[in-house]
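Read the structure below first, then the notes.
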Amino acid sequence: MDGFAGKLDEQSDEALAALAAREGSDGAAFTTLVGRFRERTWRICYRLLGNESDAHDAAQDVFVALFLQRAKFRGESKYSTWVHAVAVRTCLMQRRSRGRRLRREGTPTGADLDQQPTRRDAPAPGAKLDLVQMLDVLDEEDRALVLLKYAEGYEYDELAAIFELSVSACKMRVSRAREKIQERYGGSGGSGG
């Protein structure tokens, strides 16, 4: 078995995915893929969800989904792109679910609504900005696009495949997201970039 496992380590992700699609429930090819993608998948989940516990749960959900859908990988993109797309969709679904649950559990009363700010005020000059707070002005998908682009270093063609958008649409959405953050938090001093 060690010789077989050694040969698996030499296989491309796409070749392992093809093997995994034909394997049973405890196949070595899928196990090898999980080992290759465990850390990056968890990191993506952590960046999108914001805490360790949710990231662990989401990463586990991602690998369960990958296992259940292992025969559906068609090879039209890199396997890594497919894995990361499943991770992003899983995290977006969890964030939306969490948001609905929080709104249901914490719906303010009429009196509380009068005290709710209509928009976040820009911080005082010189105040430290919290990146998570800054990204919260974006909708879920744009937040994920920005995080994957700038925190994870994805190229626009990879983002296009993950989000099922054109490259130009990805560029436009990232640009608009940056503008929205700059409008809210006073990005007038820099030229962007």
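Sorting Glu23, Glu164 from the fewest to the most surrounding beta carbons within 10 angstrom yields Glu164, Glu23.
Once C-alpha pairs closer than 8 Å and six or more residues apart are averaged by separation and normalised to the residue number of the range 7-102, the relative contact order reads 30 percent. Cα convex hull, the range 125-185: 76 Å³ per residue, rounded to a whole number.
Every read-out reported here was derived from the displayed coordinates using simple, explicitly stated rules and does not represent laboratory data. Note that the coordinates shown come from a computational prediction; the quantities given were computed from them, not determined experimentally. Don't worry about glycine lacking a Cβ; one is built from the backbone with ideal geometry, like all the others, and counts go over all protein chains shown.
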